[in-house]
1. Condition first: closer than 30 Å to residue 123 by Cα, in a helix (DSSP H, G or I) and acidic (Asp, Glu). Can you find one or more residues in the range 242-250 that meet it?
2. Quick check, is residue 172 in the same structural domain as residue 118 (by TED's automatic domain parsing) and more than 25 Å from the chain's Cα centre (by Cα)?
3. Identify all residues within the range 290-304 that are crowded, with 22+ Cβ neighbours inside 10 Å and either acidic (Asp, Glu) or under 20 Å from residue 106 (Cβ atoms) (or both); write none if there are none.
4. Given the residues 242, 206, which is the only one that is under 30 Å from residue 141 (Cβ atoms), aromatic (Phe, Trp, Tyr) and not assigned by TED's automatic domain parsing to the domain that holds residue 292?
5. Name the single residue that is surrounded by the most Cβ atoms within 10 Å (Cβ to Cβ) among those in the range 306-343 being of a type in the set (D, E, K, R) and modelled with pLDDT of 95 or more.
6. List pairs: first residue in the range 69-87 and buried (at least 17 other Cβ atoms within 10 Å of the Cβ), second residue of a type in the set (Phe, Trp, Tyr) anywhere in the structure, Cβ distance under 8 angstrom, at least six positions apart or on different chains.
7. Just need a number here: residues in the range 101-120 that are surrounded by 13 or more Cβ atoms within 10 Å (Cβ to Cβ) and either in a loop (DSSP other than H, G, I, E, B) or at positive phi (or both).
8. Checking the condition out of contact with any Gly (no Cβ under 6 Å at 6 or more places or on another chain), of a type outside the set (Ser, Thr, Tyr) and either in the same structural domain as residue 452 (by TED's automatic domain parsing) or farther than 23 Å from residue 433 by Cα (or both), which residue from 403, 368, 383 passes?
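The values are calculated or read from the model by the stated rules, or taken from the named source; none is laboratory data. This is a predicted model, so every value here is computed, not measured. Counting neighbours? That spans all protein chains shown, and the Cβs are built from the backbone with ideal geometry, glycine included.
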Amino acid sequence: MALNVDELVKIANQACELAKKHGAEAAEVQVQGGGELTTKVRLGEPELVQEASSKALGLRVFRDHRAALTYTSDLSDAALDRFIADSVQLAGLAEPDELNELPPKELLATSVPDLELWDPTGAEVNAAQALELCKRGEAAARAYSPKVTNSEGATYSRVNGAGAFANSAGFSGGFRGTYQSLVVEPICDDADGKKRNGFWWTADRFRSKLQDPETVGQEAARRTVAKLGASKIETGELPIVFDGESGRALLRLLFSVISGGAIYRKSSYLLGREGTQVASGLVTVVDDPLIKRGPGSRPYDGDGLPSRLNMVVEAGTLRTYLFDTYSARKLGRVSNGCAGRGIGGAPHTTTSNFILKAGSSDPKEIVGSLARGLYVTEMMGFGFNAVTGDFSRGAGGFLIENGKLGQPVAEVTISANLNDILMGIDAVGTDLDLRSSTACPTFRVNKMMVAGR
């Protein structure tokens, strides 16, 4: 599918004009188009080939502080005219909300910076080539060790898309982007008959930045084989080292208690904590949508406001919550450009590249300096109370003994209050990896409760 951003912008502007013609006081339109390919191989045989392309338009219209959200995939002139007319009528049936307005015109973005989000080679991998990449990755995992006895397979995915946004206050813009990934998931049989599964993955906006399939497969197998013999450890308090994979889950919890929606609903333990210390002085967290080639980068937000760097936590001090226009208005504030939206949904507070900044500690030294601790590589389940900050989740990884990774650990639970976890971070690594839009390096928490045997 050709991805002509100018064409999508034109459609978005025309839809805004039609909405005003049919009686809307204001309107905003999002148009998206693109294609995706997903292939999967298991035990050397193709299991899935799925390719699709689409184009859709999402509309929000306002009338007497009432709003209607609708979307369509039929963009022909006659269908679009009828769709918009019906949407304006639908708005008249909604409950009024005095906050249902477009952002002020002076706050809207006036330019669309090029953040290098498009790889022209991103759509060139066809199904046959994608299947071959999967076969190579899975074969490398299965050849790594005779202990690899089975496989959940290998999956290659690519997405190439373009989007445009316009509103009746005068903003219009668009951009396009690509993203591709490969994940390999081997399985080992443990001595007690349990299956140990693991994975590794590579992903980037630019195809040339992906790890080769053999590297991905071998690392996936290494991680899986290392789990053999995993067992519970004794219950007690231990220092916990989170690798970049597992640590991202804690960052996502932090976002859940600093989002504008959580604050105006009073469902956050960080309510009223702006300007106070909420984490160790080693902790700096940013939301940065302007990173070139970043997986979560965007030139404007879901309300049409310019993207900007937000310093969320600076050296342990909470500097700001994150707002979209609606949540900011609920609190008498101004949005800081953190709105996101799907094609058929309302804007909501979201993150872009939400990052715990790299520190100065060598990851090996973070582990090596501990006489005893737990190195966490995975977490499962969900146990978090946003109002109190209480956190408890299943975890797996390795026991740290005399500065070295030892016995593999499984089926334990780690728990603490999120406030204590963040305040207890006493080392932050240098190994920040931006494969995903929520990212962190290795970091260590001075103590958490580990429930084992």
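1. If we filter the range 242-250 for residues that are closer than 30 Å to residue 123 by Cα, which is where we start, we get 244-245, 248.
Restricting the remaining residues to those that are in a helix (DSSP H, G or I) gives 244-245, 248.
Those left that are additionally acidic (Asp, Glu): 245.
There is at least one residue in the range 242-250 that is closer than 30 Å to residue 123 by Cα, in a helix (DSSP H, G or I) and acidic (Asp, Glu).
2. Details: in the same structural domain as residue 118 (by TED's automatic domain parsing): yes; more than 25 Å from the chain's Cα centre (by Cα): yes.
Yes: the conditions hold for residue 172.
3. 300, 301, 302, 303, 304, listed by residue number.
4. Sole residue among the options that is under 30 Å from residue 141 (Cβ atoms), aromatic (Phe, Trp, Tyr) and not assigned by TED's automatic domain parsing to the domain that holds residue 292: 206.
5. 324
6. Filtered contacts from the range 69-87: 70/83; 72/83.
7. Of the residues in the range 101-120, 12 are surrounded by 13 or more Cβ atoms within 10 Å (Cβ to Cβ) and either in a loop (DSSP other than H, G, I, E, B) or at positive phi (or both).
8. Working: 403 fails: out of contact with any Gly (no Cβ under 6 Å at 6 or more places or on another chain); 368 fails: out of contact with any Gly (no Cβ under 6 Å at 6 or more places or on another chain).
Sole residue among the options that is out of contact with any Gly (no Cβ under 6 Å at 6 or more places or on another chain), of a type outside the set (Ser, Thr, Tyr) and either in the same structural domain as residue 452 (by TED's automatic domain parsing) or farther than 23 Å from residue 433 by Cα (or both): 383.
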